[in-house]
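Have a look at the structure below, then the notes.
The values are calculated or read from the model by the stated rules, or taken from the named source; none is laboratory data. Not measured: the values here are computed from a predicted model. Cβ placement follows ideal geometry from the backbone for every residue including glycine, while neighbour counts extend to all protein chains displayed. Note: areas computed on protein heavy atoms with side chains; ligands, DNA, RNA excluded. Shrake-Rupley method; radii C 1.70, N 1.55, O 1.52, S 1.80 Å.
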Amino acid sequence: MSEGAFRPDIEKALFLKVNAYRAAKGRVQLGLDQSMQFAARAHAQDMAEHNFVGHVASTGHDFESRMRAFRGGGMLLLPSLGENAADTKVLDSPDAIAEVLFQEWLHSEEHRRAMVSNDYVKAAIGVSVLNGKAYADQIFVGSPPHDAGGIFGGLQQQQ
């Protein structure tokens, strides 16, 4: 099976658009979660290679089970998590692609709600391009409820 190409330029443009939207809504900007970058890119790649968009992987694993496999342990040990997924045809520029993906999320109530949720303090975006289409996955990460300096270094949940 052919592999898609990861597009850090589109990932960055999309991340900036989401944070600009959060700022316009009076929300704290999201930090970049480097540890989730692999998971976001892996799901974007899976969607590209299997030509689908959704929260269930081609293997049948839903978001929660993918995050359990990625982080290990039970979900109680994990922070609050969320996900947005979308695709679009490849356009002339990275910013144009990012804008269409962002608009897809913006025009979906659930995806829009995730983008402005105060439950999340960090995010990672993965974008894979294959066969003229761009596939994006965004994973949102909140602070663990009882984090004492563990994997997130004591981040406090934003209110």
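Leaving out ligands and nucleic acids, note down the accessible area per residue over region 98-139 with a 1.4 angstrom probe, in whole Å².
Numbers: 1560 Å² over 42 residues.
Spelled out: the 1.4 Å probe surface of region 98-139, per residue, equals 37 Å².
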Under a point spin-label approximation (7 Å from Cα along Cα-to-Cβ), what is the residue 109-residue 34 distance to one decimal in nm?
3.9 nm
What is the log10 of I(q)/I(0) for region 23-67, computed with the Debye formula using one identical point scatterer on each Cα and no solvent, at q = 0.14, 0.20, 0.29 Å⁻¹?
-0.45, -0.71, -1.01
Under 16 Å from residue 133, Cα to Cα: lysines that are on another chain or at least 8 residues apart:
89
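What does the charge dipole of region 1-73 about its Cα centre add up to, to the nearest 20 debye, if the Cβ of each Lys and Arg holds +1 and the Cβ of each Asp and Glu holds -1?
The calculation lands at about 440 debye.
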What lysines sit close enough to residue 25 to cross-link, taking a C-alpha to C-alpha distance under 18 Å and skipping anything fewer than 8 places away on the same chain?
17, 122
